[in-house]
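Student: Shown below is the structure under consideration.
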Amino acid sequence: MAIGGDQGGSIRLPACWCGVVGLKPTYGLVPYTGAIPIEISLDHLGPLARNVADCARLLQAIAGPDGLDSRHMLACPAGACFDEAIAGPGGFDRRQNQRGAYFDQLTADVHTKKVAIVMEGFANAESDVMQKVKDATAALAKSGITVDEVSIPEHADGVHIFQPVIEGAYETMIRGNGNGFGWNGFYSSSLQEALARGYKTHSQDMSATNKYMSVLGEYMRTHYNHIYYAKAQNLRRVLSAAYDEKLKHYDALIMPTIPFVAHKLPAENISFKDYVELAFSNIQNTCCFNLTGHPALTLPVGKSGTLPVGMMIVGRHFDDQGVLNIGLAVEKLLSK
């Protein structure tokens with residue numbers, strides 16, 4: 001088992017391509033204390049494990065407020081009210097679920113649930129990936145779960161909303177030396193000092209993506225006063241509302257975690273432009289739920305040749321238990 005950080009998919013992407021289970025929990029469910037902040041409104045910590053049960057076991061140990069991380073108090077970043085209709089069919093209690101007994105209450109008995117395949121999540125999907133995900137949902141349908149196809153046009157806009165929000169990562173992680181400003185929580189001064197010293201003495205050693213983020217962030221700050229960051233933050237509400245509307249009628253949304261299998265490592269002489277494009281090429285389905293804060297689980301549903309294929313299950317805010325239960329059902333069905 002391991003704990004990962006996820007701002008655009010960094011729990012679910014490696015889990016998907018390595019053939020393991022990874023959960024980006026509801027925003028604020030797991031305290032971020034002790035990890036380097038990247039962008040306060042995108043930061044998530046969550047479990048990676050060999051199977052759904054171990055994922056639930058680790059989540060049970062780390063979920064719940066610690067009194068130090070303001071992300072818990074801010075949840076959800078898109079401003080949804082968890083105590084109202086988001087509970088949807090079957091319902092759940094947000095207050096009981098924050099320190100939920102996720103492993104103790106784990107069950108594969110989900111035959112009364114309803115799930116929706118999001119058609120936009122299959123954009124540019126490889127045929128093998130599409131088929132493996134469809135086979136997994138067909139197995140759910142045979143077990144008694146209601147499976148429908150739905151369209152959420154706003155999903156295709158998610159990656160474009162996400163890109164300007166990354167400007168906040170420059171302000172927090174680079175200019176703010178990992179802590180940034182203006183949030184109510186524990187500031188690790190030793191971490192901030194170490195990052196500041198590292199940036200001053202070894203800035204040339206930053207990854208290509210961090211260099212790109214720094215140049216872009218400074219350019220957008222200097223020339224556009226972060227206005228596109230502000231616009232993107234406002235559009236998060238629109239995106240979140242689109243998912244919430246479907247989740248009033250379904251217990252979960254389903255799509256490929258990544259629409260294609262792992263590619264070869266880039267050549268050593270790859271251009272900076274091609275490297276950055278490659279680095280951000282696989283987030284089209286994952287980054288949307290960093291913006292909206294919905295829990296999103298990836299689990300392996302087969303292979304294309306020798307390479308793993310992952311399916312993503314997305315639930316209502318704070319219904320991480322429901323997402324894990326459906327994931328367990330898929331796991332058991334595919335192991336038969």
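Student: Past 30 Å, Cα to Cα: identify those pairs from Lys142/Lys303; Lys246/Lys332; Lys114/Lys231, in the order given.
Tutor: Lys114/Lys231
Student: Using label points projected 7 Å from each Cα along Cα→Cβ, tell me how many nm separate Arg237 and Ala138, to one decimal.
Tutor: That separation, rounded to one decimal, is 4.3 nm.
Student: Let me ask something additional. Please report, in cubic angstrom per residue, the volume enclosed by the convex hull of the alpha-carbon atoms of the chain.
Tutor: Per-residue hull volume (Cα only) is 132 Å³.
Student: Further question: Any chance you could look up the accessible area of Phe186 with a 1.4 Å probe, heavy atoms only, rounded to 10 Å²?
Tutor: Rounded to the nearest 10, that gives 110 Å².
Student: Next question, about the same structure. Please give the peptides 151-159, 36-44, 187-195 ranked by average Cβ packing (other Cβ atoms within 10 Å per residue), highest first, as a rough proxy for protection.
Tutor: In descending order of packing, they fall as 36-44, 151-159, 187-195.
Student: Oh, and also: Which residue fluctuates most in the GNM of the chain (Cα springs below 10 Å): Lys273, Lys134, Lys248?
Tutor: Looking only at Lys273, Lys134, Lys248, the largest GNM fluctuation is found for Lys273.
Student: Calculate one ³J(HN,Hα) per residue across region 19-24 by plugging θ = phi - 60° into the Karplus curve 6.51 cos²θ - 1.76 cosθ + 1.60, and present them in order as whole Hz with x for glycine and proline.
Tutor: So the J values, rounded to whole Hz, are x, 10, 9, x, 10, 8.
Student: Let me ask something else about it. Quick one: pull the percent of accessible area on region 189-330 belonging to carbon and sulfur, 1.4 Å probe, ligands and nucleic acids left out.
Tutor: Carbon and sulfur atoms account for 57 percent of the accessible area of region 189-330.
Student: If each of Thr112 and Lys200 carries a label point 7 Å out from its Cα toward its Cβ, how far apart are those two points in nm?
Tutor: About 6.2 nm separates the two model spin labels.
Student: Work out from phi, with θ = phi - 60° and the Karplus expression 6.51 cos²θ - 1.76 cosθ + 1.60, the ³J(HN,Hα) of each residue of region 135-150, listed in order in whole Hz, and give x for Gly and Pro.
Tutor: 5, 5, 5, 5, 5, 4, 4, 5, 7, x, 6, 6, 10, 10, 9, 9
Student: Quick one: Cα centre-to-centre distance for region 12-28 and region 260-286, in angstrom?
Tutor: 19 Å
Student: Counting Lys and Arg as +1 and Asp and Glu as -1, what is the net charge of the other residues whose Cβ lies under 12 Å from the Cβ of Ala125?
Tutor: -1
Student: Expressed in nm to one decimal, what extension gain is obtained for the pair Glu245 and Tyr275 from 0.36 nm per residue of sequence separation less their Cα-Cα distance?
Tutor: Once the chain is fully extended between Glu245 and Tyr275, it gains 7.1 nm.
Student: Now, a different point. Please list 167-173, 313-319 highest first by mean number of surrounding beta-carbon atoms within 10 Å per residue.
Tutor: Peptide ranking by packing, descending: 313-319, 167-173.
Student: Further question: Over the chain, with the other protein chains present, what is the accessible area per residue in square angstrom, probe 1.4 angstrom?
Tutor: It amounts to 44 Å² per residue over the chain.
Student: Just grab the label-to-label distance for Gln105 and His263, each label 7 Å out from Cα along the Cβ direction, in nm (one decimal).
Tutor: The two pseudo-label positions are separated by 4.1 nm.
Student: Related question: Under 5 Å between amide H atoms, partner at least 5 residues away or on a different chain: which partners does Ile258 have, H built in plane at 1.01 Å?
Tutor: Residues meeting the amide H criterion: Gly310.
Student: Quick one: 3J(HN,Hα) in Hz for region 39-55, Karplus 6.51/-1.76/1.60 with θ = phi - 60°, rounded, Gly and Pro as x.
Tutor: 3J(HN,Hα) across region 39-55, in whole Hz: 8, 3, 7, 10, 5, 9, 10, x, x, 10, 7, 5, 8, 5, 4, 5, 4.
The values are calculated or read from the model by the stated rules, or taken from the named source; none is laboratory data. None of the values given here were measured: they were computed from a predicted structure. Glycine also receives a Cβ, built like all others from the backbone with ideal geometry; neighbour counts cover every protein chain displayed. Surface areas here come from the heavy atoms of the whole protein model, side chains and all, with no ligands, DNA or RNA. Shrake-Rupley method; radii C 1.70, N 1.55, O 1.52, S 1.80 Å.
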